[in-house]
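Derivation of every value follows stated rules applied to the coordinates shown; laboratory data play no part. All values derive from a computational prediction rather than experimental measurement. In this analysis, Cβ positions are derived from the backbone assuming ideal geometry, glycine residues included, and neighbour counts consider all displayed protein chains.
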Amino acid sequence: MFRPEPIPPGPGQESVWDYPRPAICEPTPARLEVVFGGRTIARTTRGYRVLETSHPPSYYFPPEDVDAAALAPTGERSLCEWKGQAAYFDVVAGEARARRAAWCYPSPTPAFGPMAGYVTFYPAAMEACFVDGERVTPQEGGFYGGWITSTVVGPFKGAPGTRFW
């Protein structure tokens with residue numbers, strides 16, 4: 001199987017090729033923020049990040065740090081072999097609506113139990129997402145929801161041709 005050449009991390013950086021497989025979740029004290037429809041709809045310093053080989057982190061917000069009025073359940077579900085069944089939301093703010101742009105794991109597998117009900121967002125569908133004040137770059141592709149910052153190096157799964165990494 002083809003494995004791309006990892007970019008060596010510099011000082012203060014992590015390589016996604018050093019992240020584990022299967023994925024893990026860990027608490028993060030980072031300042032996380034999501035802006036949509038001209039307003040902040042989620043902000044926390046009590047989030048979790050999910051780390052998986054070849055993927056930039058996804059950041060999850062405690063439900064009490066997300067504007068509940070901005071989340072409209074879609075009834076759609078998907079299954080992750082490590083995290084369990086995900087539930088999806090449209091994100092709504094004023095006239096703006098992003099379809100299926102957020103999700104959570106209401107009853108995750110035991111390894112991900114601490115982040116039950118925590119919500120994450122596809123950064124490409126949001127106006128802006130921030131980690132410690134740095135605007136993130138969305139992970140390529142429409143399936144994954146990783147948040148790329150200057151503290152993480154790839155190459156990252158998601159672009160065309162990366163399906164089997």
With the 8 Å Cα cutoff and a minimum separation of six or more residues, segment 70-156 has a relative contact order in percent of 17
Karplus ³J(HN,Hα) for segment 66-74 (6.51 cos²θ - 1.76 cosθ + 1.60, θ = phi - 60°; Hz, whole; x = Gly/Pro) runs 10, 5, 4, 5, 7, 10, 10, x, 9
Largest fluctuation, C80, C104, C25 only, Gaussian network model of the chain with Cα springs under 10 angstrom, belongs to C80
Expected max-MSF residue from P20, P155, P62 in the GNM of the chain (alpha carbon, under 10 Å) is P20
Under the Karplus relation with 6.51, -1.76 and 1.60 and θ = phi - 60°, whole-Hz ³J(HN,Hα) for segment 129-135, x at Gly and Pro, equal 10, 9, 10, 6, x, 8, 5
Of 88-101, 2-15, 109-122, ordering from highest average Cβ density within 10 Å down gives 109-122, 88-101, 2-15
Answer in debye to the nearest 20: the dipole magnitude of the chain about its Cα centre, from +1 Lys/Arg and -1 Asp/Glu charges placed on Cβ, is 280
The extension gain from W82 to D132, computed as 0.36 nm times the residue separation minus the Cα-Cα distance, is 15.3 nm
Full extension between D18 and D67 adds, at 0.36 nm per residue less the Cα distance, a length in nm of 14.3 nm
